[in-house]
């Protein structure tokens with residue numbers, strides 16, 4: 001057995017700093033640069049195979065990755081601000097906003113939101129003065145709405161309790177700012193203040209798991225701690241912000257979840273997952289050529305881990321290697337819990353405004369919980385097993401409780417159903433519409449004081465679109481608008497087909513001389529010989 005394997009079995013390996021005591025994984029280190037290229041000792045359940053074996057390999061990894069990043073990085077607005085802003089406090093704010101928006105959201109979606117946000121609130125002080133309603137309105141459609149609320153709360157804290165100065169280390173950022181976790185703190189500290197601390201997000205997890213063949217559940221505490229150790233050991237102390245962004249960029253554009261572009265990877269020579277794939281292909285080709293019996297009598301040691309069968313970082317035996325996936329065997333995650341199914345009845349309540357234009361009632365949700373503080377049409381959660389008649393009666397009673405007797409005279413019309421999947425809920429909205437004030441008697445009996453309360457308001461279509469409403473409510477609006485178009489012809493917001501006017505269906509266009517144009521003949525009439533021939 002080689003010295004490497006013997007060392008790996010003893011848990012020491014060739015990593016640097018084997019005698020250093022391991023710091024608590026839950027605490028951010030103020031100065032990771034003093035630990036450059038160093039890792040705490042592996043435990044008895046983890047093989048050193050999954051670490052970087054020598055400082056020279058770490059240096060090569062950094063050099064290759066940063067050279068690629070300098071050449072291939074995407075042109076993103078927050079990167080421009082981070083590079084051009086000389087004020088570290090404003091630079092940290094700009095990075096912070098981007099990192100919060102990018103959580104669970106694609107870059108392409110974030111760009112427009114980020115530009116609008118920074119234009120409206122270019123500084124922490126400007127955001128601290130904003131209302132939660134304004135924040136929710138700008139955030140509407142971005143999802144995970146509590147992020148915007150926590151961002152504003154943290155900005156207010158910085159202004160009121162920290163004299164407007166952002167914390168400058170990852171440890172302080174995480175400790176002092178609500179909504180800032182370990183990853184966000186590391187990103188702000190490294191990009192804005194040059195602190196040599198690593199970051200671990202979904203993209204970095206994927207890169208590290210493939211580069212070091214870590215096949216265990218990456219969400220488990222032990223594996224997550226090891227990934228943070230690796231990130232802190234790899235980060236370039238001279239360019240920590242660029243290095244961390246390069247790792248995330250690599251995972252987002254090259255080392256993707258499916259169909260990774262391995263041939264374009266700048267660190268492919270350091271990737272043990274790629275090495276494993278190549279060895280499997282080589283062994284398969286030898287077998288096809290009939291060489292397995294002589295020159296390759298047994299399968300190569302593809303796992304390459306001296307602690308195979310007992311290493312907690314390897315692929316579990318219950319999830320064997322899938323040759324069709326290649327490097328995409330890594331990382332492995334625990335199966336996600338399926339979202340629970342819920343049903344909600346929603347009523348689009350419409351009236352005629354003072355100028356005769358349609359207005360719609362929207363209600364503000366509670367300040368905590370799902371979609372906190374956003375506006376929606378009056379809605380009621382439905383219990384299981386309710387039939388359509390029971391749904392209708394329950395919703396009508398709910399709306400009537402807010403609107404008074406006038407609602408009881410209206411006509412509650414079923415429009416359709418809308419599905420929307422939140423992170424943990426598969427929500428189905430059963431959509432109804434109710435038009436008030438169809439006749440003079442009803443209109444005269446309607447009183448605004450029944451509904452004009454702090455958590456309610458009437459809005460026009462344009463005001464609804466600008467309000468802080470969720471994507472789900474916009475779906476409800478669309479299905480109701482489509483139904484209205486079909487039922488009422490050229491109603492507001494209807495899309496006409498080929499210039500047709502639905503309100504004039506059946507009418508024929510009059511020619512300039514006042515005559516009617518000839519009707520188009522049917523096929524039978526066209527083929528029939530004219531009378532008199």
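The values are calculated or read from the model by the stated rules, or taken from the named source; none is laboratory data. Just so you know, these numbers come straight off a predicted model, no measurement behind them. Quick reminder, even Gly has a Cβ in these numbers, built from the backbone with ideal geometry, and neighbours come from all protein chains shown.
Worth pointing out:
- Helices (runs of 4 or more DSSP H) enclosed by the stretch 97-197 - at least 3 residues per element that are buried (at least 19 other Cβ atoms within 10 Å of the Cβ) and under 19 Å from the mean Cα position of the chain (by Cα): 107-120, 132-139, 146-161, 182-193
- Among the residues listed as 59, 99, the single one being without any contact (Cβ under 8 Å) to a residue 24 or more places away in the chain, in the same structural domain as residue 119 (by TED's automatic domain parsing) and within 16 Å of residue 242 (Cβ to Cβ): 59
- One residue stands out among those in the stretch 250-259 that are surrounded by fewer than 22 Cβ atoms within 10 Å (Cβ to Cβ) and modelled with pLDDT of 95 or more: the one that is farthest from residue 106 (Cα to Cα), which is 254.
- Exactly one residue out of 424, 398 is surrounded by fewer than 20 Cβ atoms within 10 Å (Cβ to Cβ) and either at pLDDT 85 or above or closer than 16 Å to residue 456 by Cβ (or both): that is 398.
- Condition check for residue 228 on (1) surrounded by fewer than 21 Cβ atoms within 10 Å (Cβ to Cβ); (2) over 15 Å from residue 65 (Cα atoms): one failure, at (1).
- Across the stretch 375-388, the number of residues qualifying as farther than 15 Å from residue 458 by Cα and in a loop (DSSP other than H, G, I, E, B) comes to 5.
- Among the candidates 125, 165, the residue that is under 13 Å from residue 90 (Cβ atoms), outside the structural domain of residue 464 (by TED's automatic domain parsing) and in contact (Cβ under 8 Å) with a residue 60 or more places away in the chain is uniquely 165.
- Only listed residue being within 30 Å of residue 282 (Cβ to Cβ) and either modelled with pLDDT of 85 or more or surrounded by 14 or more Cβ atoms within 10 Å (Cβ to Cβ) (or both), chosen from 332, 365, 340, 351: 332
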